[in-house]
Amino acid sequence: MDQEKKPVLNNILPLKLGKVTVSQGVAFDIGVGRNEFEPQHIEFKKYILRCLERHRHGDWGDVAEEDADRNIQDLLDNERIMSAYESKDYEKVWIITERDRSYTTIMFASEY
């Protein structure tokens with residue numbers, strides 16, 4: 001990361017997420033409308049919350065280096081921010097915060 005941008009980013013992060021929404025697939029895997037307290041749903045919720053916290057603090061996860069650099073510039077320019085998180089246990093998750101920071105969507109990459 002460009003060292004002159006680092007102090008500026010400290011003033012912007014943590015990222016404002018707005019209303020956090022999830023896609024239908026993520027909602028299903030969280031257990032919404034079903035037994036939300038089954039162990040597999042609880043573990044997935046914890047994973048999603050860890051990913052969301054990483055996104056909020058500028059850890060864009062498993063994106064290409066040029067996408068990470070673009071996120072930094074987009075953060076400074078108030079543009080849309082996207083993170084991707086891969087795990088051996090779960091499908092690839094994307095987290096997208098809209099440019100006006102009014103909402104953030106969590107979805108599986110396959111749902112885009």
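Yes or no: Thr21 crowded, with 16+ Cβ neighbours inside 10 Å and assigned to a strand (DSSP E or B)?
It is false that Thr21 is crowded, with 16+ Cβ neighbours inside 10 Å and assigned to a strand (DSSP E or B).
Report yes if Gln73 is under 30 Å from Asn10 (Cα atoms), out of contact with any His (no Cβ under 6 Å at 6 or more places or on another chain) and exposed (fewer than 13 other Cβ atoms within 10 Å of the Cβ), otherwise no.
Spelling it out, Gln73 is indeed under 30 Å from Asn10 (Cα atoms), out of contact with any His (no Cβ under 6 Å at 6 or more places or on another chain) and exposed (fewer than 13 other Cβ atoms within 10 Å of the Cβ).
Which ones in region 46-65 are exposed (fewer than 15 other Cβ atoms within 10 Å of the Cβ) and either in a helix (DSSP H, G or I) or touching a His at 6+ places or on another chain (Cβ under 7 Å) (or both)?
Correct list: Lys46, Leu49, Arg50, Glu53, Glu65.
Just one of (1) modelled with pLDDT under 95; (2) farther than 19 Å from Pro14 by Cα trips up Glu86, so point out which.
With respect to (1) modelled with pLDDT under 95; (2) farther than 19 Å from Pro14 by Cα, Glu86 is out only on (1).
Here are some residues: Tyr103, Tyr112. Which one is at pLDDT below 95, surrounded by fewer than 16 Cβ atoms within 10 Å (Cβ to Cβ) and among the hydroxyl-bearing types (Ser, Thr, Tyr)?
Result of the check over Tyr103, Tyr112: Tyr112.
I need the full set of residues from region 91-112 which are of a type in the set (D, E, K, R) and in a loop (DSSP other than H, G, I, E, B), in order please.
If the condition is that a residue be of a type in the set (D, E, K, R) and in a loop (DSSP other than H, G, I, E, B), then Glu91, Lys92, Glu98, Arg99, Asp100, Arg101 are the ones that fit.
Is it the case that Ile95 is surrounded by 19 or more Cβ atoms within 10 Å (Cβ to Cβ), touching a residue at least 40 places away in the same chain (Cβ under 8 Å) and more than 15 Å from Leu15 (Cβ to Cβ)?
no
Given the residues Glu4, Glu53, Glu43, Glu38, which is the only one that is among the acidic types (Asp, Glu) and modelled with pLDDT of 95 or more?
Answer to the selection: Glu53.
Just the residues that are in contact (Cβ under 8 Å) with a residue 24 or more places away in the chain, not hydroxyl-bearing (Ser, Thr, Tyr) and not in a helix (DSSP H, G or I), please, taken from region 66-90.
Passing the criteria: Ile81, Ala84, Glu86, Asp89.
The values are calculated or read from the model by the stated rules, or taken from the named source; none is laboratory data. All of these numbers come straight from a predicted model, not from anything done at the bench. Note that we place each Cβ from the backbone using ideal geometry, even for glycine, and neighbour counts take in every protein chain shown.
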